[in-house]
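Single-structure report; data block below.
The values are calculated or read from the model by the stated rules, or taken from the named source; none is laboratory data. Predicted model only: the values in this text are computed from it and were never measured. Cβ placement follows ideal geometry from the backbone for every residue including glycine, while neighbour counts extend to all protein chains displayed.
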Amino acid sequence: MQPADPRAAKRAHGHTISVCLPARNEASTIGAIVREIRDELMAGDATDRFVDEIVVIDDGSNDATAAVAREAGAHVVAESEVLPEAGPGSGKGNVLWKSLQVCHGDLLCWVDADLANFRADTVTKLLTPLLADRDTLLVKAAYARSFEGAPTGGGRVTELVARPLVSLLFPKLADIAQPLGGEYAARREALEVLPFVEGWGVELGLLIDLVERFGRDAVAQVDLGTREHRNRPVEQLAAESMSIIATALRRAGLMQFDGPTLELLRADVEGNVDAEPVEIRERPPIATLAAYRERHTSRS
């Protein structure tokens, strides 16, 4: 049963909520997203706010992403300044892992920074199952992906790569509508004990690992309608696909990889082959880091 008033449920249980946007070169969209969250979910005094903080982790943007997000009301932190003692990393998963260090909430909600039709009720809907059921640890967004003006047709990597992999290797997750979706909420206590794939495989890796550790019933879904993301050219999707394939094969125990990256080989019409590095490193559970334990007290 869902709580009639999520704000009251949040207060009753003493939760703190962080919304985090990992961002690289998203100046055109990030300001509107931050303002929507700030105006709709952070209005009023501290006891009445649904969201306690908006954090943007800027992953080396070379546009005005950081300035736009800061002006809109977010707390902006450069990825390179977080946990430097842990060594360099790269990719979206690395940013998400570091956001656990920066954010203060015991409930975290991640939102993609390239959404064109964002509404604040996305955050409320994603967090409500966590407020309603203590046994729910992860809430994934379910939605249709628009493509070039059509209401469906987006999510090409999901349909052509992730869904077949899940069907073959992890069929108990087949009912997850968007296994690669970047909008989801979770309890810190679950996230901090899981490894994070640094590259594009992070969402699938977290989903598989959380279900393996805590069971399928720990994951819920909420319907968010239609999402409008930036759609990249198809040739840019191969590296993302390779990272996801590697993540699935590793977790299924079918293949192990020695190095931090794989080589995506692509030939031109003359037969010349170029190699593109694909990030597959993984960050360890962040609770294993002394700096994290010093900053964040354990939560029951």
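Right, Ile37: in a strand (DSSP E or B), under 21 Å from the mean Cα position of the chain (by Cα) and among the aliphatic types (A, V, I, L, M) or not? It is false that Ile37 is in a strand (DSSP E or B), under 21 Å from the mean Cα position of the chain (by Cα) and among the aliphatic types (A, V, I, L, M). When restricted to residues that are of a type outside the set (A, V, I, L, M), out of contact with any strand residue (DSSP E or B) (no Cβ under 7 Å at 6 or more places or on another chain) and at pLDDT 95 or above, region 38-59 contains 2.
Which members of region 273-287 meet the condition of being surrounded by 12 or more Cβ atoms within 10 Å (Cβ to Cβ) and assigned to a strand (DSSP E or B)? Hits for region 273-287 are Glu276, Pro277, Val278, Glu279, Glu282, Arg283. Any residue at all in region 251-268 that's in contact with a helix residue (DSSP H, G or I) (Cβ under 8 Å, 6 or more places away or on another chain), part of a loop (DSSP other than H, G, I, E, B) and under 18 Å from Arg188 (Cα atoms)? No, region 251-268 has no match at all.
Just wondering, is there one or more residues in region 38-51 that are surrounded by 15 or more Cβ atoms within 10 Å (Cβ to Cβ), over 29 Å from Ala220 (Cβ atoms) and among the acidic types (Asp, Glu)?
no
Of the numbered criteria (1) at pLDDT 95 or above; (2) within 19 Å of Ala185 (Cα to Cα), the one Glu26 fails is (2). Is it the case that some residue within region 200-217 is assigned to a loop (DSSP other than H, G, I, E, B) and either under 21 Å from Asp59 (Cα atoms) or modelled with pLDDT under 95 (or both)? The answer is yes; a qualifying residue exists. Look at (1) at pLDDT below 95; (2) farther than 26 Å from Thr288 by Cα; (3) in a loop (DSSP other than H, G, I, E, B) and you find that Asp175 fails only one, number (1). Residues in region 136-172 that are at pLDDT 95 or above and part of a loop (DSSP other than H, G, I, E, B): Thr136, Leu137, Phe170.
Right, Thr158: out of contact with any helix residue (DSSP H, G or I) (no Cβ under 6 Å at 6 or more places or on another chain), buried (at least 18 other Cβ atoms within 10 Å of the Cβ) and either of a type in the set (Gly, Ala, Ser) or on the phi < 0 side of the Ramachandran plot (or both) or not? Answer is yes for this residue.
Residues that are outside any loop (DSSP other than H, G, I, E, B) and small (Gly, Ala, Ser) within region 42-98 comprise Ala66, Ala67, Ala69, Ala72, Ala78, Ser80, Ala86, Gly93, listed in sequence order.
Screening Glu85 on (1) touching a residue at least 24 places away in the same chain (Cβ under 8 Å); (2) buried (at least 21 other Cβ atoms within 10 Å of the Cβ); (3) of a type outside the set (S, T, N, Q) shows it passes everything except condition (2). Within region 5-25, the set of residues being among the basic types (Lys, Arg) and part of a helix (DSSP H, G or I) comprises Arg7, Lys10, Arg11. The residue pairs whose first member lies in region 116-141 and is over 13 Å from His13 (Cβ atoms), whose second member is part of a loop (DSSP other than H, G, I, E, B) and of a type in the set (Ser, Thr, Tyr), and whose beta carbons are closer than 7 Å, counting only pairs six or more residues apart or on different chains, are Pro129/Thr136. Would you mind stating whether Val219 is in contact (Cβ under 8 Å) with a residue 24 or more places away in the chain, surrounded by fewer than 20 Cβ atoms within 10 Å (Cβ to Cβ) and among the β-branched types (Val, Ile, Thr)? Considered against the rule, which asks whether it is in contact (Cβ under 8 Å) with a residue 24 or more places away in the chain, surrounded by fewer than 20 Cβ atoms within 10 Å (Cβ to Cβ) and among the β-branched types (Val, Ile, Thr), Val219 comes out as no. Determine whether Ala239 is closer than 30 Å to Glu189 by Cβ and either surrounded by 13 or more Cβ atoms within 10 Å (Cβ to Cβ) or without any contact (Cβ under 8 Å) to a residue 60 or more places away in the chain (or both). It is false that Ala239 is closer than 30 Å to Glu189 by Cβ and either surrounded by 13 or more Cβ atoms within 10 Å (Cβ to Cβ) or without any contact (Cβ under 8 Å) to a residue 60 or more places away in the chain (or both). Thr16 meets each of the listed conditions (1) under 30 Å from Pro260 (Cα atoms); (2) within 19 Å of the chain's Cα centre (by Cα) apart from (1).
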